[in-house]
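Let me begin by presenting the structure, written as C-alpha cells, before commenting on it.
The values are calculated or read from the model by the stated rules, or taken from the named source; none is laboratory data. Computed from a predicted structure; not experimentally measured. Cβ coordinates were reconstructed from backbone atoms using ideal geometry, including for glycine residues, and neighbour counts include every protein chain displayed. Note: accessible area is taken over every heavy atom of the protein model, side chains too, but ligands, DNA and RNA are not part of it. Shrake-Rupley method; radii C 1.70, N 1.55, O 1.52, S 1.80 Å.
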Amino acid sequence: MNKPRTLPLSIILRLNQSLNKTILNKKFYSEVNSKILTKASTIDANLYFICYFTLLVSSVLNNKTRIRKFLQDQRLKLVALIEKTFGVKVSESNNKLLNKIGTKHPIVESTSNLAPYLKRISSYLSDVRIFNRLFDTVKYMPWIIGEYEAFISKTSKVSKFTRFINLFQAFNCILLEALENLGWLTEHNWIGTNDNNYWCIETYIWCSRVWGFYIIIEVLELFRRTPYKNWDKAWKIELFKQVVQIPLVVHWSLYDGCLTPFWVGICGSGASWWGFKDSWKSLDL
C-alpha cells in the first residue's frame with residue numbers, strides 16, 4: 001500500500017514564513033494600502049499587468065493543443081539539426097517522431113472552462129484602466145505648461161531641440177488621453193453622436209497611432225540622450241519596455257488588428273512586468 005505523499009518540512013516552513021509575512025500580517029495590508037492602493041500610478045501598474053497576464057493565460061488554456069504541437073515540432077527539428085550537423089545518432093523513439101515532421105494531422109481544439117472568465121476579467125480591467133485615466137489630462141496640464149515655459153526660456157542651458165522634444169511628448173500624451181477618453185465615452189454612450197460605434201473605433205485607432213508616435217520618439221531619445229557607456233541594466237529594461245509595446249501599437253492602430261490574443265498577452269505582460277514587480281517589491285515586510 002502506497003503511503004500518501006507529504007510535503008518536505010523545509011517547504012512547509014518556508015510557506016509558513018511567507019504566510020506570516022503576508023496575508024497573516026496586518027503590516028502587509030497597511031503597506032499594500034499606502035504604497036499601492038493610494039496612488040493612481042501603482043494601481044494602474046498592477047491592473048496593467050493583471051489585465052494582459054489574464055488574457056495570456058486565457059489564450060494559452062484555449063490553445064494548449066496547438067502550443068504543445070508547436071513545441072514538439074521545434075524539439076524534433078532541433079534533434080534533426082543536431083543529427084545532421086554533428087552526425088549524432090538519435091534514439092529510436094526520436095526517429096519515429098522525426099518521421100512525423102511535415103505530416104499534417106488535424107489539431108483537436110482544446111477548450112477550457114476557466115479561459116472565458118479570464119478573458120472577461122482582462123476585458124473588464126482594460127475598461128477600468130481607461131475609466132481611471134479619464135482625468136489624466138488634468139494631471140498632465142502642469143507638465144505641458146512646465147515644458148512650454150522651459151521651451152520659451154532664454155536662460156535654459158538645455159538645447160532647444162531637447163526642450164522641443166520634451167514639449168512635443170507632453171502634447172502627445174495630452175492628445176492620446178483626449179482621444180482615448182472620447183473613445184471610451186462614445187463606446188459607453190456617455191455622449192451621443194450620429195454613429196457612436198464609428199467614432200469609438202476611429203478615436204481608439206488614432207489614439208493608438210499617437211501612442212505609437214510617442215513610443216518611437218521615446219526609443220530614439222533613449223539612444224540619443226544616453227551614451228553607450230551608460231547602457232546599463234536599467235536602460236536596457238526601459239528600452240525593452242518601450243520596444244515590446246510597438247507590436248501592440250501596430251495591432252491597435254489597424255482596423256482589423258494583426259496579433260492574436262496570445263501575442264497581445266505576451267507583449268502586454270512583458271511591457272508591464274517591471275512596473276508590477278517594482279510596486280510589490282517596494283513593500284517593507
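Checking each residue in the stretch 47-79 for being open to solvent by less than 30 Å² (accessible area, probe 1.4 Å) and over 17 Å from V264 (Cα atoms) picks out L76, V79. Every condition in (1) under 23 Å from I217 (Cα atoms); (2) over 18 Å from the mean Cα position of the chain (by Cα) is met by R133 except one, and the failing one is (2). Evaluate the stretch 259-279: report whether one residue or more is surrounded by fewer than 18 Cβ atoms within 10 Å (Cβ to Cβ), touching a Leu at 6+ places or on another chain (Cβ under 7 Å) and modelled with pLDDT of 95 or more. Checked against the condition, which is being surrounded by fewer than 18 Cβ atoms within 10 Å (Cβ to Cβ), touching a Leu at 6+ places or on another chain (Cβ under 7 Å) and modelled with pLDDT of 95 or more, the stretch 259-279 yields no hits at all.
Among the helices (runs of 4 or more DSSP H) lying completely within the stretch 16-89, list those that include at least 1 residues that are more than 20 Å from the chain's Cα centre (by Cα).
Details: elements: 26-32, 40-62, 64-86.
In the stretch 16-89, the matching helices (runs of 4 or more DSSP H) lie at 26-32, 64-86.
Scan F168, F164, F213, F223 and give me the residue that is open to solvent by 70 Å² or more (accessible area, probe 1.4 Å), more than 17 Å from L254 (Cα to Cα), part of a helix (DSSP H, G or I) and in contact (Cβ under 8 Å) with a residue 12 or more places away in the chain.
From the options F168, F164, F213, F223, the qualifying one is F164.
Scanning the stretch 125-135 for residues that are in a loop (DSSP other than H, G, I, E, B) and open to solvent by less than 80 Å² (accessible area, probe 1.4 Å) yields R133, L134.
Scanning the stretch 13-29 for residues that are open to solvent by less than 80 Å² (accessible area, probe 1.4 Å) and either hydrophobic (A, V, I, L, M, F, W, C) or at pLDDT 90 or above (or both) gives L19, F28.
Based on this model, can you work out whether L185 counts as open to solvent by 30 Å² or more (accessible area, probe 1.4 Å), over 30 Å from F151 (Cβ atoms) and part of a helix (DSSP H, G or I)? Yes, satisfied. Just so you know, in the stretch 136-158 the residues that are open to solvent by 80 Å² or more (accessible area, probe 1.4 Å) and β-branched (V, I, T) include one that is nearest to the chain's Cα centre (by Cα), and it is V138. Within the stretch 236-258, if we keep just the residues that are of a type in the set (A, V, I, L, M) and assigned to a helix (DSSP H, G or I), the residue that is surrounded by the most Cβ atoms within 10 Å (Cβ to Cβ) turns out to be L248. Checking the stated criteria, E202 turns out not to satisfy the condition of being in a helix (DSSP H, G or I), open to solvent by 50 Å² or more (accessible area, probe 1.4 Å), under 28 Å from L134 (Cα atoms) and of a type in the set (D, E).
Residue pairs whose Cβ atoms lie under 7 Å apart, sitting 6 or more positions apart in sequence or on different chains, and linking a residue in the stretch 62-78 that is under 12 Å from F262 (Cα atoms) and at pLDDT 80 or above to a partner that is of a type in the set (A, V, I, L, M) and open to solvent by less than 60 Å² (accessible area, probe 1.4 Å), are N62/A115. Filtered by the rule that a residue be open to solvent by 50 Å² or more (accessible area, probe 1.4 Å) and of a type in the set (S, T, N, Q), the stretch 112-124 gives N113, S123.
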